[in-house]
Amino acid sequence: MEQFDLIIIGAGSGNSLLTEDFDGWKVAIVERDVFGGTCLNRGCIPSKMFIYPASIVETVRTANPLGVDATVNEVRWTEIVDRVFGRIDPIAQGGEEWRKSLDNITVFNDDARIVGPKEVRVGDQTITAETIVLAAGARPRIPDIDGLDAVDFHTSATVMRLREVPKRLAVLGGGFIACELAHVFGSAGADVTIINRGQYLLRAQDDDVSQRFTEVYGERFNLRCGETPTRITQANGEITIEFAEGETIVADELLVATGRVPNGAQLGVTETGVELDDAGYVVVDEYGRTGVDGIWALGDISNPMQLKHTANAETRMVAHNIHHPQDLRTTNYSGAPSAVFAYPQVATVGKTERELKAAGVNYVAHSQPYASTAYGWAMEDDHGFCKVICDADTRLLLGAHIIGHEASILIQQLVLGMRFGLTVDEMATGPLYIHPALSEVVEQALLEL
């Protein structure tokens, strides 16, 4: 059994753990896939490289009300695929080659399985270390639907590498992955059908945002909301999706995007005494420590937010805490935002109105339409709005939810206000807002509170 000072399982955010403090450590990195993790290879980065041209297509398609007659002659899909992965794949490969070139690091390209107290089985050997960091992320959730296991379906891990745009694409799921990739393939020319068990898409969002988003997507795509397939089969190059009422949908490709599952159980972490919660996430304290001394966890394997920016913050925290046990740091998740890069965009920070009602919080809420601003008039916007929610007594911002053009940028000023404890009145009247920028919708929403 080979002894290391540190074992890192997962080379996504885990690969960023190795600061200069670890230069003298004997380190093992275990990665069964490519370096860079989900974000670089099949998540945040490639999807946005597809989404940007897709949004250009939608801008052209919706330009007529502005007095612009424009058409898209062709979407050169294969060229886009090659551009995206021609840039990404060398980064992943280069990162692995660099780690392998370092004298104090051993890279294991295999599955990891914890087989005993701080003992990790990798391939045909077992390694051990006093310090282990679990950073193995999450994987696509595959629903239990009759026949699905015999179908050549795609997940977000594979669908972006399709060499041709399918004529008919069925998307199973209604979360951010489903909605972003529906936007990508719909803009590239696919006839997209979204099948979602809930009545509304993006149900994790504030109810008003979720309902508005569903309305907008209903104008673009075929929506089958409130339905769950009973059986899915494949024959003669076609995929048939059956429903209880006897109806069917026929597609050329199927994307399964029904959420993600943390990989803790798959690693067998309980064999070393690490605890999993009911949802399968590794249980950690505020410092990133599991219940076993010397074993830490970060990123999607332990954080249900499953956001790259929170994983990055946790990586910095754990790297520090391993070396400074007398000066432990925490990650401040207050004001942790997220965004859906669909068309329209959606961005959120803090609590939804639904959550605040359930908790019995005394709050005030207001939604301000984009159309109330000069820039919104210029855009002829008919769906965007900014919703802000504050505590009725303290006037502190409890949540903010934006749907519309560049929502992911507009939310940031509210993130800062929440993070630094400003009241909504201070945020509304303290800074000067550029006129006639779209950011005035945030100012107006705050003033209305």
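The values are calculated or read from the model by the stated rules, or taken from the named source; none is laboratory data. Model, not experiment: these values are computed from the prediction. Note: ideal-geometry Cβ built from the backbone for every residue, glycine included; neighbour counts use all protein chains shown.
Below, the figures for the structure above:
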| quantity | calculated |
| --- | --- |
| Condition broken by Glu448, with the remaining ones in (1) more than 23 Å from Met379 (Cβ to Cβ); (2) touching a strand residue (DSSP E or B) at 6+ places or on another chain (Cβ under 6 Å) satisfied | (1) |
| Members of the range 365-385 that are of a type in the set (A, V, I, L, M, F, W, C) and in a helix (DSSP H, G or I) | Ala371, Ala374, Trp377, Ala378, Met379 |
| Qualifying residue in the range 113-125 (condition: within 24 Å of the chain's Cα centre (by Cα), among the small types (Gly, Ala, Ser) and either more than 26 Å from Asn321 (Cβ to Cβ) or surrounded by 21 or more Cβ atoms within 10 Å (Cβ to Cβ) (or both)) | no |
| Total residues in the range 242-272, condition exposed (fewer than 15 other Cβ atoms within 10 Å of the Cβ) and either assigned by TED's automatic domain parsing to the domain that holds Ala135 or touching a Phe, Trp or Tyr at 6+ places or on another chain (Cβ under 8 Å) (or both) | 2 |
| Out of Val361, Val415, Val441, sole residue that is in a helix (DSSP H, G or I), modelled with pLDDT of 95 or more, β-branched (Val, Ile, Thr) and farther than 18 Å from Ala336 by Cα | Val441 |
| Leu102 being hydrophobic (A, V, I, L, M, F, W, C) and free of Cβ contacts under 8 Å to residues at least 60 places away in the same chain | yes |
| The lone exception for Val84 - which of (1) under 26 Å from the mean Cα position of the chain (by Cα); (2) not in a helix (DSSP H, G or I) it fails | (2) |
| Selection within the range 362-414 - more than 21 Å from Gly430 (Cβ to Cβ), buried (at least 23 other Cβ atoms within 10 Å of the Cβ) and among the hydroxyl-bearing types (Ser, Thr, Tyr) | Tyr370 |
| Residue among Val216, Val159, Val165 that is touching a His at 6+ places or on another chain (Cβ under 9 Å) and hydrophobic (A, V, I, L, M, F, W, C) | Val216 |
| Hits in the range 246-286 (condition: more than 14 Å from Asn303 (Cβ to Cβ) and among the small types (Gly, Ala, Ser)) | Gly246, Ala251, Ala257, Gly259, Ala265, Gly268, Gly273 |
| Count - residues of the range 270-302 that are of a type in the set (Asp, Glu) and under 17 Å from Pro325 (Cβ atoms) | 3 |
| Single residue of the range 295-321 satisfying the filter (in a helix (DSSP H, G or I) and among the polar types (S, T, N, Q)) that is farthest from Pro140 (Cα to Cα) | Asn321 |
| Qualifying residues in the range 341-367 (those that are in contact with a helix residue (DSSP H, G or I) (Cβ under 7 Å, 6 or more places away or on another chain) and small (Gly, Ala, Ser)) - the one farthest from Leu449 (Cα to Cα) | Ala342 |
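So that you can scan it fast, the table gives a plain yes or no per residue for (1) among the β-branched types (Val, Ile, Thr); (2) outside any loop (DSSP other than H, G, I, E, B):
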site	(1), (2)
Glu180	no, yes
Val184	yes, yes
Val192	yes, yes
Thr214	yes, yes
Thr228	yes, no
Glu245	no, no
Val250	yes, yes
Leu255	no, yes
Gln266	no, yes
